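What follows is a short report on a single structure.
Values quoted throughout were computed directly from the atomic coordinates according to the rules given, and no laboratory measurement underlies them. Given the structure is predicted, the values throughout are model-derived calculations rather than measurements. Cβ atoms come from the backbone with ideal geometry, glycine included; neighbour counts cover every protein chain shown.
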Number of protein chains: 2
Amino acid sequence: MNNPGNNPENKTGATPPTIGVFDSGFGGLTVLRALIQRLPRARFAFLGDTARLPYGSKSRRTIARYAAESAQFLVNEQDAEFLVIACNTASALALDAIQDAVPVPVLGVIEPGAEAAWAASRAGDVLVIATDATVQSHAYAAACRARGLRALEKACPLLVPLVEEGWTAHAVTAEVIRIYLEELNAEAAAQGMKPDTLVLGCTHYPLLRPLIERAVPAGMRVIDSAEAAAEAALRHFNGRAAPAAAPSAGQDAPPEPQLRCFATDSVEKFERLGSRFLNRPVGKVELVDLGG
Amino acid sequence: MNNPGNNPENKTGATPPTIGVFDSGFGGLTVLRALIQRLPRARFAFLGDTARLPYGSKSRRTIARYAAESAQFLVNEQDAEFLVIACNTASALALDAIQDAVPVPVLGVIEPGAEAAWAASRAGDVLVIATDATVQSHAYAAACRARGLRALEKACPLLVPLVEEGWTAHAVTAEVIRIYLEELNAEAAAQGMKPDTLVLGCTHYPLLRPLIERAVPAGMRVIDSAEAAAEAALRHFNGRAAPAAAPSAGQDAPPEPQLRCFATDSVEKFERLGSRFLNRPVGKVELVDLGG
């Protein structure tokens, strides 16, 4: 993060902060859901760069350019004063470029995920499941190693399409998870690791958490990077003493979140699938053009 | 197709024709494989627009622009005198735009697939499985209807990731195919159809053909659009009396194909997975930049 606290107005709690949330697609809506739970009075602007997904198959330079453009839209046109990069690929490959491109604090999902794994693990051996692109970046392994953890990563490329097919409680999905985790645990054992923590390193995976919890060995903790990132954002706003984020006295139910969703293309799929990720209607998704 | 036969030299058989083959990714290598089998002495230039895939989530206008740029690269820079659009989405949404963009004949995969279904079906009722984008275009249904066939289409979004995971003979894949075909046959029965033909409307699906053949009801014919498109290309060159495509007398084994492969990004995945689709090494994939 850089430039913390650029808008002193919010330190007084007079105006709720606007938090920009960015993803290459709409999987980052699970991060937005976790943010809304913790910061129900903030305003949110979510941008899915759906015209240019998947970032995972693109070069680091291309991803950095796309992500910087998206971040600038959220800051310059939506007045976001804090950005959450709710995309593991962009967090892994473009966090520096985004921080250079905008004058507000920028939070990725990988450091909070690794931090939560560090807090959860007693053995110091951690497993990470993610998309192919995130695993190839080895960003989780590096973030874990920086905290003295050993991490073994595995790409699980079938899990995102299974979630998008809606098979989040399906026997096929349970079997695929069983196969992936069996392979991962066997590889960990072969390396002499005794893992006690599993990090969900993809924004789609929280929808599979019940199946994954059932598939892990007894006693293994499951860490959700989306939840971990939302906790880190909450600490940021608490650290700035921003009471706008906390429910006021005498108010029981959280208010309806102030939320605008934007996509660069393919609004239909975003609107159709997004509510499963956000766990509430996403409403009208607005189309924006960030250029080719 | 427009402008058939722009290069009279090939009518004499003096120079083997160059056939350009275009896909948004590398699935179209199954079409290239079928082309090489039938036209072993032609030269081939294959372009996968991997930087901008998947086309399926993009608007028709965007797809048309991308596909036209790719077609122009094959014609203007690789001297292709005949183009095969080995991509169902581009064939469905951009065939006209490609034909307008280049002065050579352009063949898609959908018309040949529908034509082969017409030739195979006695009942006149046809099933089509494809990606979500191809199904949403209803291009197969329209092409079948134009031939007096009734067609029922179903999106099978898990099949591409299962192929790319390499699970082409896996029990999970067999189960997913069983579920999809059961749903499709139930829907056909509910509509009073008696389908006897199944069209594989995605360039990845030929790799699943053995599992699909085992899963269809007895007597159902399976039509592969890749094979059908290659047959149509063969007819084109035979119609022009291009003996370059036929093995010469006294030559038993087909020669090594003259093939150059290009991609706009992500050469690694192309090289790693491509040989499964092409059924031979793809060799070095050359990176080209078609712009944003």
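Observations, loosely collected:
- With both labels modelled 7 Å from their Cα along Cα-to-Cβ, the A:Arg61 to A:Glu268 distance reads 3.5 nm.
- Phi-derived couplings, Karplus 6.51 cos²θ - 1.76 cosθ + 1.60 at θ = phi - 60°, listed residue by residue for region A:28-43: x, 4, 5, 6, 4, 4, 5, 5, 4, 4, 8, 10, x, 9, 6, 9 Hz, with x used for Gly and Pro.
- Acute angle (nearest 10 degrees) that the helix B:88-101 long axis makes with the longest principal axis of chain B, alpha-carbon atoms: 30 degrees
- Peptide A:172-181, shielding by other chains (average Cβ, 10 Å cutoff): 2
- For B:Val128, residues with placed amide H under 5 Å, excluding near neighbours: B:Leu152, B:Glu153, B:Lys154, B:Val199
- Rounded to 10°, Cα long-axis angle of helix A:171-190 versus longest principal axis of chain A: 70 degrees
- Amide H contacts of B:Ala263 (H built 1.01 Å from N, in plane; Pro and chain starts excluded): B:Gly48, B:Glu286, B:Leu287, B:Val288 sit under 5 Å, all sequence-distant by 5 or more or on other chains.
- Computed over the protein assembly as shown, the alpha-carbon pair-distance distribution with 20 angstrom bins reads 20, 49, 27, 5, 0, each value a whole percent.
- Pairs over the 22 Å Cα-Cα cut-off, from the set A:Lys154/A:Lys269; A:Lys58/A:Lys154; A:Lys154/A:Lys194; A:Lys284/B:Lys154; A:Lys269/B:Lys154: A:Lys154/A:Lys269; A:Lys284/B:Lys154.
- Taking the empirical scaling 2.2 N^0.38 Å for compact globular proteins as reference, region B:15-91 has a Cα radius of gyration ratio of 1.06.
- Given R0 = 25 Å, the distance between the Cβ atoms of B:Ala123 and B:Arg235 translates into a calculated FRET efficiency of 0.45.
- For B:Gln258, the amide hydrogen comes within under 5 Å of the amide hydrogens of B:Phe44, counting only partners 5 or more places away or on other chains and with H modelled in the peptide plane.
- C-alpha long axis of helix A:60-72 to longest principal axis of chain A, angle in °: 30 degrees
- Options B:Leu83, A:Gln78, A:Gly283, ranked by Cα towards positive dipole end of the protein assembly as shown, top entry (Cβ charges): A:Gly283
- Geometric descriptor of region A:111-225, per residue, is 86 Å³ (volume of the convex hull of the Cα atoms).
- Candidates A:Ala64, A:Ala189, A:Ala86: whichever shows maximal mean-square fluctuation once chain A is modelled as a Gaussian network with Cα springs under 10 Å: A:Ala189
- Each copy carries a label point for A:Ser59 at 7 Å from Cα toward Cβ; from one copy, the others' points are 2.8 nm away, ordered from shortest.
- Placing R0 at 45 angstrom, the Cβ-Cβ distance between B:Arg276 and A:Glu256 gives a FRET efficiency of 0.35 after rounding to 0.05.
- In terms of its Cα atoms, chain B spans 55, 39, 39 Å along the principal axes, sorted from long to short.
- When B:Glu187 is represented by a point 7 angstrom out along its Cα-to-C-beta vector, the spacings to that point in the other copies are 3.6 nm, nearest first.
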